[in-house]
Amino acid sequence: MGAVLGLVDTKLTPFQKKKLLHEFTVFFDLNKDGKLEWKDFDMAREKICEMSGWKPGTDKFIQTHELFVTIWRKLQDEGDENNDGLITAEEWLRMWQKFNEQCLKQASKADEVSYERKLPDWLEKYIRYKFDLFDRTGDGYLDCDEFEYVLGDFGVPARDARSAFLMISQNNEKKVDFEYYKDLCTDYFRSNDPSALGNFITGKLVFSDK
């Protein structure tokens, strides 16, 4: 994407669409019916609570439910164009297209964060949840075993998860704390750079396929 206001192309590139659709299919649309609805989020909540040992009535169980309700409502507000309670893959991509346009329209030279690095409010919450999900030991850092374990629950092969972690951690030289993980997620959701390390946060190594 360009850097001069008024000359920036806000359209999603094929590469960006592949990444966004991958996230939609693997991590959101859990029943694989091609659309998002509340039951997808409820399934994800149940799966996470069960995997983490969070029993009904506990603080973590309640907090997770509240978070998923909040994210779903925000997604509906921003993505459900025809108000049918569903978000299709096409609506999901249009939502991101509109977000690009909105960010550029509101951008100014005084902004601390460039329009290309801004994230929707709901995604900020989602990234925090995702980091906490990966951080199984609660030490504030992600390691390869945690990364492999969680992605394995979403069908990612262990070998791919380990290869991806080596890339994002720069061969284990870079500590993956929350701030770095958020930067990687920003690359994944907003960048059009095929060499950005954030492209590998889902464990998928190649986005050249359709």
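The values are calculated or read from the model by the stated rules, or taken from the named source; none is laboratory data. Nothing here was measured: the structure is a model prediction, and the numbers come from that model. Backbone-built Cβ (ideal geometry, glycine too); neighbour counts: all protein chains shown. Please note that ligands, DNA and RNA were not included when accessible areas were found on the heavy atoms of the full protein model with its side chains. Shrake-Rupley method; radii C 1.70, N 1.55, O 1.52, S 1.80 Å.
Please give the solvent-accessible surface of M95 in Å², to the nearest 10, using a probe radius of 1.4 Å with every protein chain present.
Rounded to the nearest 10, that gives 10 Å².
I'd like the accessible area for V26, computed on protein heavy atoms only with a 1.4 Å probe and all protein chains in place. Round to 10 Å², please.
Its heavy atoms expose roughly 30 Å² to the probe.
When the Karplus curve 6.51 cos²θ - 1.76 cosθ + 1.60 is applied with θ = phi - 60°, which whole-Hz ³J(HN,Hα) does each residue of the stretch 57-68 get, with x for Gly and Pro?
These are the phi-based 3J(HN,Hα) values: x, 6, 4, 5, 4, 5, 4, 5, 4, 4, 4, 5 Hz.
Using the Cα centre of the stretch 14-200 as the reference point, and only Cβ charges (+1 on K/R, -1 on D/E), how large is the resulting charge dipole? Debye, rounded to the nearest 20.
Here the stretch 14-200 has a charge dipole of around 260 debye.
Tell me which residues come under 5 Å, amide H to amide H, from V176 once H is placed; ignore anything under 5 positions away on its chain.
Those lying under 5 Å, H to H, from V176 are L142.
Tell me, what ³J(HN,Hα) does each residue in the stretch 44-51 have, in order and in whole Hz, if you take phi through Karplus 6.51 cos²θ - 1.76 cosθ + 1.60 with θ = phi - 60° and put x for Gly and Pro?
5, 4, 4, 4, 5, 5, 5, 5
Rg and Dmax in Å for the stretch 121-192, alpha carbons only: what are they?
Over the stretch 121-192's Cα set, Rg and Dmax evaluate to 11.8, 33 Å.
Could you work out the Rg to Rh ratio of the chain, with Rh taken as the Kirkwood radius (inverse of the mean 1/r over all Cα pairs)? Write out the running numbers ahead of the final one.
Numbers: Rg = 17.2 Å, Rh = 18.0 Å.
We get a ratio of 0.95 for the chain.
How much area per residue is accessible in the chain when the probe is 1.4 Å and only protein heavy atoms are counted (Å²)?
53 Å²
Tell me the mean residue ellipticity at 222 nm calculated for the chain from its helices only (DSSP H runs of n ≥ 4, each -39500 (n - 2.57), averaged over every residue, nearest 500).
Helices in the chain give a 222 nm mean residue ellipticity of -17000 deg cm²/dmol.
What residues qualify as long-range amide H neighbours of L36, i.e. H under 5 Å apart, gap of 5 or more or another chain, H built at 1.01 Å from N?
Under 5 Å from the amide H of L36 lie the amide H atoms of I87, T88, each far enough along the sequence or on another chain.
Using the Cα centre of the stretch 75-210 as origin and beta-carbon charges of +1 (Lys, Arg) and -1 (Asp, Glu), tell me which of S195, L184, F207 is placed farthest towards the positive end of the dipole.
My answer, from the dipole projection, is S195.
Return the carbon/sulfur percentage of the accessible area of the chain, one whole number, probe 1.4 Å, all protein chains in place.
50 percent
Keeping all protein chains in the complex and leaving out DNA, RNA and ligands, what accessible area do you get for R162 with a 1.4 Å probe, in Å² to the nearest 10?
90 Å²
Work out the charge dipole of the chain with +1 on the Cβ of Lys and Arg and -1 on the Cβ of Asp and Glu about the Cα centre, then indicate which of F134, H65, I48 is farthest towards its positive end.
Farthest towards the positive end: F134.
Excluding residues fewer than 8 places away in the same chain, name every one of the lysines whose C-alpha is closer than 21 Å to that of K174.
K130, K182, K204
Got a sec? What order do D132, D42, D121 fall in by accessible area at 1.4 Å, biggest, i.e. largest, first?
Details: D132 70, D42 40, D121 100 Å².
Highest to lowest solvent-accessible surface, that is D121, D132, D42.
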